[in-house]
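Only one structure is covered here, and it is reproduced in the block below.
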Amino acid sequence: MENKSHAFWAGLFTIVLLVAIALAGFLFNVDRSVRVPYDLIARTNVTGLFTDAAVRYRGLDVGKVQSIKFDPAHPGQILIRILVDTHAPITHSTFGSLGFQGVTGIAFIQLDDNGRDPTPLASSPKQVAQLPMRPGLLDQLQQRGDVLLRKLEKVTDDVDRLLSPEMAAQLQGTAASLQQAADGVATLTQKIAPAAGMLPGTINQLDRTLASTNQLITSLNRPNGPFETNLNKVGTAAQQAGDALVSINGAVQELSSRVGYDTLPRVNSLAEDVRSAARSVDRAADTFSTSPRSVLFGAPGAAPGPGEAGFKWPAARAAQ
(Lines give C-alpha, C1' and ligand atoms only; values in the text may rest on other atoms or scores of the structure.)
Protein backbone atom coordinates (compact mmCIF):
# COMPACT_ATOMS: atom_id res chain seq x y z
CA MET A 1 0.00 0.00 0.00
CA GLU A 2 2.78 2.39 0.84
CA ASN A 3 4.49 1.88 -2.53
CA LYS A 4 1.25 2.49 -4.40
CA SER A 5 0.62 5.73 -2.47
CA HIS A 6 4.16 6.98 -3.26
CA ALA A 7 3.74 6.22 -6.96
CA PHE A 8 0.38 8.01 -7.01
CA TRP A 9 1.76 11.18 -5.51
CA ALA A 10 4.80 11.10 -7.81
CA GLY A 11 2.59 10.73 -10.89
CA LEU A 12 0.27 13.47 -9.69
CA PHE A 13 3.25 15.82 -9.12
CA THR A 14 4.54 15.08 -12.60
CA ILE A 15 1.17 15.80 -14.21
CA VAL A 16 0.74 19.07 -12.27
CA LEU A 17 4.29 20.13 -13.20
CA LEU A 18 3.66 19.47 -16.89
CA VAL A 19 0.36 21.39 -16.78
CA ALA A 20 2.08 24.31 -15.06
CA ILE A 21 4.85 24.37 -17.64
CA ALA A 22 2.32 24.26 -20.48
CA LEU A 23 0.25 27.03 -18.90
CA ALA A 24 3.31 29.20 -18.36
CA GLY A 25 4.42 28.72 -21.96
CA PHE A 26 0.97 29.58 -23.20
CA LEU A 27 0.76 32.70 -21.05
CA PHE A 28 4.20 33.90 -22.15
CA ASN A 29 3.52 33.25 -25.83
CA VAL A 30 0.11 34.90 -25.98
CA ASP A 31 0.34 38.22 -27.82
CA ARG A 32 -1.96 40.68 -26.05
CA SER A 33 -1.16 43.72 -28.22
CA VAL A 34 -3.92 45.18 -30.40
CA ARG A 35 -2.92 45.20 -34.06
CA VAL A 36 -4.54 46.43 -37.27
CA PRO A 37 -4.26 44.55 -40.58
CA TYR A 38 -2.73 46.18 -43.68
CA ASP A 39 -2.10 44.74 -47.15
CA LEU A 40 1.20 45.38 -48.88
CA ILE A 41 0.99 45.30 -52.68
CA ALA A 42 4.23 43.74 -53.95
CA ARG A 43 5.19 43.56 -57.63
CA THR A 44 8.75 42.40 -56.94
CA ASN A 45 10.36 39.30 -55.49
CA VAL A 46 9.76 38.48 -51.82
CA THR A 47 12.54 35.95 -51.46
CA GLY A 48 13.31 35.09 -47.82
CA LEU A 49 10.00 36.43 -46.45
CA PHE A 50 7.91 33.99 -44.37
CA THR A 51 4.80 34.08 -42.21
CA ASP A 52 5.36 35.58 -38.75
CA ALA A 53 8.31 37.59 -40.09
CA ALA A 54 8.94 40.85 -38.27
CA VAL A 55 7.45 44.15 -39.38
CA ARG A 56 9.56 47.18 -38.44
CA TYR A 57 8.90 50.87 -38.74
CA ARG A 58 12.28 52.57 -39.26
CA GLY A 59 13.95 49.81 -37.25
CA LEU A 60 11.34 49.46 -34.46
CA ASP A 61 9.23 46.29 -34.18
CA VAL A 62 5.59 47.22 -34.78
CA GLY A 63 4.05 43.92 -35.93
CA LYS A 64 4.42 40.74 -37.93
CA VAL A 65 3.50 39.14 -41.25
CA GLN A 66 0.18 37.27 -41.11
CA SER A 67 -0.01 35.78 -44.61
CA ILE A 68 1.60 35.85 -48.07
CA LYS A 69 -0.49 34.99 -51.13
CA PHE A 70 -1.04 35.87 -54.78
CA ASP A 71 -3.59 38.53 -55.71
CA PRO A 72 -6.34 36.73 -57.66
CA ALA A 73 -7.52 40.02 -59.21
CA HIS A 74 -4.05 40.94 -60.55
CA PRO A 75 -1.87 38.07 -61.81
CA GLY A 76 1.77 38.39 -60.81
CA GLN A 77 0.94 40.66 -57.88
CA ILE A 78 1.51 39.49 -54.30
CA LEU A 79 -0.59 40.43 -51.27
CA ILE A 80 1.27 40.51 -47.97
CA ARG A 81 -1.08 40.81 -44.99
CA ILE A 82 0.68 42.42 -42.02
CA LEU A 83 -0.55 43.12 -38.51
CA VAL A 84 0.64 46.50 -37.21
CA ASP A 85 0.32 47.96 -33.73
CA THR A 86 -2.25 50.71 -33.35
CA HIS A 87 0.37 53.14 -32.05
CA ALA A 88 2.44 52.87 -35.26
CA PRO A 89 2.16 56.15 -37.29
CA ILE A 90 0.82 54.69 -40.54
CA THR A 91 -0.11 57.51 -42.97
CA HIS A 92 -1.09 57.85 -46.63
CA SER A 93 2.60 58.32 -47.55
CA THR A 94 3.81 55.19 -45.71
CA PHE A 95 5.35 52.47 -47.88
CA GLY A 96 7.03 49.11 -47.31
CA SER A 97 10.19 47.47 -48.57
CA LEU A 98 11.98 44.18 -48.09
CA GLY A 99 14.91 44.13 -45.68
CA PHE A 100 17.32 41.37 -44.71
CA GLN A 101 18.83 40.46 -41.35
CA GLY A 102 22.59 40.34 -41.81
CA VAL A 103 23.85 37.49 -44.00
CA THR A 104 21.23 34.92 -42.89
CA GLY A 105 18.90 35.71 -45.78
CA ILE A 106 15.90 36.03 -43.44
CA ALA A 107 13.73 38.86 -44.71
CA PHE A 108 11.44 41.25 -42.86
CA ILE A 109 9.11 44.11 -43.78
CA GLN A 110 10.61 47.57 -43.38
CA LEU A 111 8.03 50.40 -43.18
CA ASP A 112 9.02 54.00 -43.90
CA ASP A 113 7.36 57.34 -44.63
CA ASN A 114 8.44 60.15 -47.00
CA GLY A 115 6.24 62.70 -45.22
CA ARG A 116 4.35 63.90 -48.30
CA ASP A 117 0.90 63.18 -46.81
CA PRO A 118 0.85 62.99 -42.97
CA THR A 119 -2.87 62.09 -42.86
CA PRO A 120 -3.34 58.86 -40.82
CA LEU A 121 -4.39 55.83 -42.87
CA ALA A 122 -7.31 54.04 -41.21
CA SER A 123 -7.70 50.27 -41.55
CA SER A 124 -9.90 47.51 -40.08
CA PRO A 125 -10.43 43.77 -40.54
CA LYS A 126 -13.56 44.48 -42.61
CA GLN A 127 -11.88 47.13 -44.83
CA VAL A 128 -8.16 46.51 -45.00
CA ALA A 129 -6.08 49.46 -46.23
CA GLN A 130 -3.35 48.88 -48.78
CA LEU A 131 0.26 50.11 -48.75
CA PRO A 132 2.66 50.14 -51.71
CA MET A 133 5.67 47.84 -51.66
CA ARG A 134 8.82 49.39 -53.10
CA PRO A 135 11.84 47.45 -54.38
CA GLY A 136 14.45 46.62 -51.79
CA LEU A 137 18.21 46.84 -52.10
CA LEU A 138 18.61 43.45 -53.72
CA ASP A 139 15.82 44.17 -56.19
CA GLN A 140 17.48 47.44 -57.16
CA LEU A 141 20.78 45.64 -57.59
CA GLN A 142 19.09 43.02 -59.76
CA GLN A 143 17.42 45.69 -61.89
CA ARG A 144 20.68 47.58 -62.31
CA GLY A 145 22.82 44.50 -62.59
CA ASP A 146 23.31 44.81 -66.33
CA VAL A 147 24.38 48.44 -66.05
CA LEU A 148 26.74 47.63 -63.20
CA LEU A 149 28.23 44.72 -65.12
CA ARG A 150 28.82 46.90 -68.18
CA LYS A 151 30.47 49.55 -66.06
CA LEU A 152 32.58 46.92 -64.31
CA GLU A 153 33.63 45.54 -67.68
CA LYS A 154 34.59 49.04 -68.83
CA VAL A 155 36.63 49.57 -65.67
CA THR A 156 38.35 46.24 -66.24
CA ASP A 157 39.22 47.23 -69.80
CA ASP A 158 40.61 50.56 -68.56
CA VAL A 159 42.73 48.72 -65.99
CA ASP A 160 44.00 46.35 -68.71
CA ARG A 161 44.96 49.31 -70.89
CA LEU A 162 46.60 50.97 -67.91
CA LEU A 163 48.68 47.85 -67.26
CA SER A 164 49.64 47.40 -70.92
CA PRO A 165 53.38 47.30 -71.82
CA GLU A 166 53.18 50.71 -73.52
CA MET A 167 51.61 52.33 -70.47
CA ALA A 168 54.12 50.57 -68.20
CA ALA A 169 56.96 52.00 -70.31
CA GLN A 170 55.43 55.48 -70.05
CA LEU A 171 55.07 55.12 -66.28
CA GLN A 172 58.70 54.03 -66.05
CA GLY A 173 59.74 57.05 -68.13
CA THR A 174 57.69 59.31 -65.89
CA ALA A 175 59.29 57.78 -62.80
CA ALA A 176 62.74 58.31 -64.32
CA SER A 177 61.90 61.94 -65.09
CA LEU A 178 60.71 62.45 -61.51
CA GLN A 179 63.93 60.91 -60.24
CA GLN A 180 66.00 63.25 -62.41
CA ALA A 181 63.95 66.20 -61.17
CA ALA A 182 64.53 65.09 -57.57
CA ASP A 183 68.27 64.80 -58.24
CA GLY A 184 68.26 68.26 -59.79
CA VAL A 185 66.48 69.67 -56.75
CA ALA A 186 69.03 68.03 -54.47
CA THR A 187 71.93 69.47 -56.52
CA LEU A 188 70.30 72.91 -56.53
CA THR A 189 69.87 72.70 -52.77
CA GLN A 190 73.56 71.94 -52.36
CA LYS A 191 74.47 74.92 -54.56
CA ILE A 192 72.11 77.22 -52.74
CA ALA A 193 73.49 76.22 -49.33
CA PRO A 194 76.52 78.65 -49.50
CA ALA A 195 74.29 81.47 -50.66
CA ALA A 196 71.89 80.67 -47.84
CA GLY A 197 74.81 80.84 -45.41
CA MET A 198 75.67 84.33 -46.70
CA LEU A 199 72.07 85.45 -46.41
CA PRO A 200 72.26 86.61 -42.74
CA GLY A 201 75.26 88.87 -43.53
CA THR A 202 73.47 90.25 -46.58
CA ILE A 203 70.40 90.96 -44.47
CA ASN A 204 72.54 92.79 -41.88
CA GLN A 205 74.16 94.85 -44.63
CA LEU A 206 70.75 95.63 -46.06
CA ASP A 207 69.61 96.76 -42.61
CA ARG A 208 72.60 99.09 -42.35
CA THR A 209 71.90 100.46 -45.83
CA LEU A 210 68.28 101.08 -44.91
CA ALA A 211 69.37 102.82 -41.72
CA SER A 212 71.74 105.07 -43.71
CA THR A 213 69.01 105.82 -46.21
CA ASN A 214 66.62 106.68 -43.40
CA GLN A 215 69.22 108.98 -41.87
CA LEU A 216 69.79 110.67 -45.26
CA ILE A 217 66.07 111.20 -45.75
CA THR A 218 65.79 112.61 -42.24
CA SER A 219 68.62 115.07 -42.90
CA LEU A 220 67.05 116.10 -46.19
CA ASN A 221 63.73 116.75 -44.49
CA ARG A 222 65.26 119.10 -41.88
CA PRO A 223 64.41 122.81 -42.50
CA ASN A 224 68.08 123.82 -42.12
CA GLY A 225 69.45 120.79 -43.98
CA PRO A 226 71.68 120.90 -47.06
CA PHE A 227 68.83 120.00 -49.39
CA GLU A 228 66.66 122.86 -48.14
CA THR A 229 69.64 125.26 -48.25
CA ASN A 230 70.50 124.35 -51.85
CA LEU A 231 66.87 124.73 -52.83
CA ASN A 232 66.85 128.22 -51.29
CA LYS A 233 70.00 129.11 -53.23
CA VAL A 234 68.49 127.86 -56.45
CA GLY A 235 65.37 129.89 -55.76
CA THR A 236 67.42 133.02 -55.11
CA ALA A 237 69.38 132.53 -58.36
CA ALA A 238 66.13 131.97 -60.25
CA GLN A 239 64.67 135.15 -58.77
CA GLN A 240 67.80 137.14 -59.80
CA ALA A 241 67.60 135.68 -63.30
CA GLY A 242 63.95 136.73 -63.43
CA ASP A 243 64.85 140.28 -62.40
CA ALA A 244 67.56 140.38 -65.13
CA LEU A 245 65.03 139.14 -67.69
CA VAL A 246 62.62 141.88 -66.59
CA SER A 247 65.38 144.52 -67.08
CA ILE A 248 66.26 143.16 -70.53
CA ASN A 249 62.60 143.15 -71.47
CA GLY A 250 62.29 146.84 -70.44
CA ALA A 251 65.36 147.80 -72.53
CA VAL A 252 63.99 145.97 -75.54
CA GLN A 253 60.62 147.71 -75.16
CA GLU A 254 62.36 151.13 -74.91
CA LEU A 255 64.45 150.40 -78.02
CA SER A 256 61.33 149.31 -79.87
CA SER A 257 59.55 152.52 -78.86
CA ARG A 258 62.43 154.66 -80.11
CA VAL A 259 62.58 152.82 -83.39
CA GLY A 260 58.81 153.12 -83.84
CA TYR A 261 58.48 156.80 -82.93
CA ASP A 262 61.78 158.33 -84.10
CA THR A 263 63.68 156.24 -86.61
CA LEU A 264 60.78 154.96 -88.70
CA PRO A 265 59.32 158.47 -89.48
CA ARG A 266 62.76 159.64 -90.65
CA VAL A 267 63.17 156.57 -92.80
CA ASN A 268 59.70 157.21 -94.29
CA SER A 269 60.59 160.89 -95.08
CA LEU A 270 63.87 159.79 -96.69
CA ALA A 271 62.00 157.27 -98.77
CA GLU A 272 59.52 159.96 -99.92
CA ASP A 273 62.41 162.28 -100.95
CA VAL A 274 64.00 159.43 -102.88
CA ARG A 275 60.71 158.79 -104.71
CA SER A 276 60.36 162.51 -105.60
CA ALA A 277 63.95 162.60 -106.94
CA ALA A 278 63.28 159.45 -108.94
CA ARG A 279 60.16 161.04 -110.48
CA SER A 280 62.14 164.20 -111.38
CA VAL A 281 64.88 162.15 -113.03
CA ASP A 282 62.23 160.16 -114.86
CA ARG A 283 60.62 163.38 -116.23
CA ALA A 284 64.02 164.77 -117.23
CA ALA A 285 64.87 161.55 -119.05
CA ASP A 286 61.51 161.60 -120.79
CA THR A 287 62.02 165.21 -121.89
CA PHE A 288 65.54 164.50 -123.11
CA SER A 289 64.36 161.52 -125.12
CA THR A 290 61.51 163.55 -126.68
CA SER A 291 63.43 166.80 -127.41
CA PRO A 292 67.25 166.51 -127.10
CA ARG A 293 67.72 170.19 -128.05
CA SER A 294 65.97 171.21 -124.93
CA VAL A 295 69.27 170.59 -123.20
CA LEU A 296 70.74 173.60 -125.10
CA PHE A 297 67.71 175.76 -125.74
CA GLY A 298 65.52 174.86 -122.85
CA ALA A 299 62.23 173.09 -122.81
CA PRO A 300 59.69 174.25 -125.44
CA GLY A 301 56.65 176.09 -124.20
CA ALA A 302 53.40 174.32 -123.76
CA ALA A 303 50.83 174.55 -126.59
CA PRO A 304 47.98 177.05 -125.86
CA GLY A 305 44.81 175.42 -124.81
CA PRO A 306 41.23 176.30 -125.71
CA GLY A 307 40.47 179.89 -124.88
CA GLU A 308 44.12 180.91 -124.78
CA ALA A 309 45.82 183.19 -127.27
CA GLY A 310 47.17 181.43 -130.33
CA PHE A 311 44.96 178.33 -129.88
CA LYS A 312 43.83 176.77 -133.14
CA TRP A 313 41.39 174.04 -133.62
CA PRO A 314 42.86 171.10 -135.42
CA ALA A 315 41.70 170.73 -139.03
CA ALA A 316 39.13 168.03 -139.69
CA ARG A 317 40.30 165.06 -141.71
CA ALA A 318 39.12 164.76 -145.23
CA ALA A 319 36.38 162.25 -145.79
CA GLN A 320 37.64 159.08 -147.36
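Filter the helices (runs of 4 or more DSSP H) completely within the range 202-320 down to those with at least 3 residues that are modelled with pLDDT of 70 or more.
Fully inside the range 202-320 and qualifying: 226-258, 264-290.
Taking the range 70-92, which residues are over 17 Å from Arg134 (Cα atoms) and among the basic types (Lys, Arg)?
The answer is none; no residue qualifies.
Quick one: would you say Ile192 is at pLDDT 75 or above, surrounded by 10 or more Cβ atoms within 10 Å (Cβ to Cβ), β-branched (Val, Ile, Thr) and under 41 Å from the mean Cα position of the chain (by Cα)?
Judged against the criteria, Ile192 is a match.
Among the polar types (S, T, N, Q), part of a loop (DSSP other than H, G, I, E, B) and either under 17 Å from Val55 (Cβ atoms) or touching a strand residue (DSSP E or B) at 6+ places or on another chain (Cβ under 8 Å) (or both): is that true of Ser124 in this structure?
yes
Can you tell me which residues in the range 71-84 are modelled with pLDDT of 90 or more and surrounded by fewer than 18 Cβ atoms within 10 Å (Cβ to Cβ)?
Across the range 71-84, the qualifying residue is only Arg81.
Can you name the residue in the range 115-136 that is of a type in the set (Gly, Ala, Ser) and over 48 Å from the mean Cα position of the chain (by Cα) and, of all such residues, is surrounded by the most Cβ atoms within 10 Å (Cβ to Cβ)?
Among those that are of a type in the set (Gly, Ala, Ser) and over 48 Å from the mean Cα position of the chain (by Cα), it is Ser123.
Could you grab the pairs with beta carbons closer than 6 Å, sequence gap of 6+ or different chains, first residue in the range 126-150 and β-branched (Val, Ile, Thr), second one modelled with pLDDT of 85 or more?
Matching pairs, first to second residue: Val128/Pro37; Val128/Asp39.
Output the residues belonging to the range 30-68 that are more than 23 Å from Thr104 (Cα to Cα) and among the charged types (D, E, K, R).
Pass one, the range 30-68, residues more than 23 Å from Thr104 (Cα to Cα): 30-41, 43.
Asp31, Arg32, Arg35, Asp39, Arg43, listed by residue number.
Being at pLDDT 85 or above and under 49 Å from the mean Cα position of the chain (by Cα) is the filter; apply it to the range 100-114 and report the residue that is surrounded by the most Cβ atoms within 10 Å (Cβ to Cβ).
It comes out as Leu111.
Within the range 81-103, can you find the residues that are free of Cβ contacts under 8 Å to residues at least 24 places away in the same chain and over 17 Å from Asp61 (Cβ atoms)?
Val103
Do the conditions hold for Arg56, that is, is it in contact (Cβ under 8 Å) with a residue 12 or more places away in the chain and touching an Asp or Glu at 6+ places or on another chain (Cβ under 6 Å)?
In short, no.
The values are calculated or read from the model by the stated rules, or taken from the named source; none is laboratory data. What you are looking at is a predicted structure, and each value in this text was computed from that prediction instead of being measured. Positions of Cβ are backbone-derived with ideal geometry, glycine not excepted, and every protein chain shown enters the neighbour counts.
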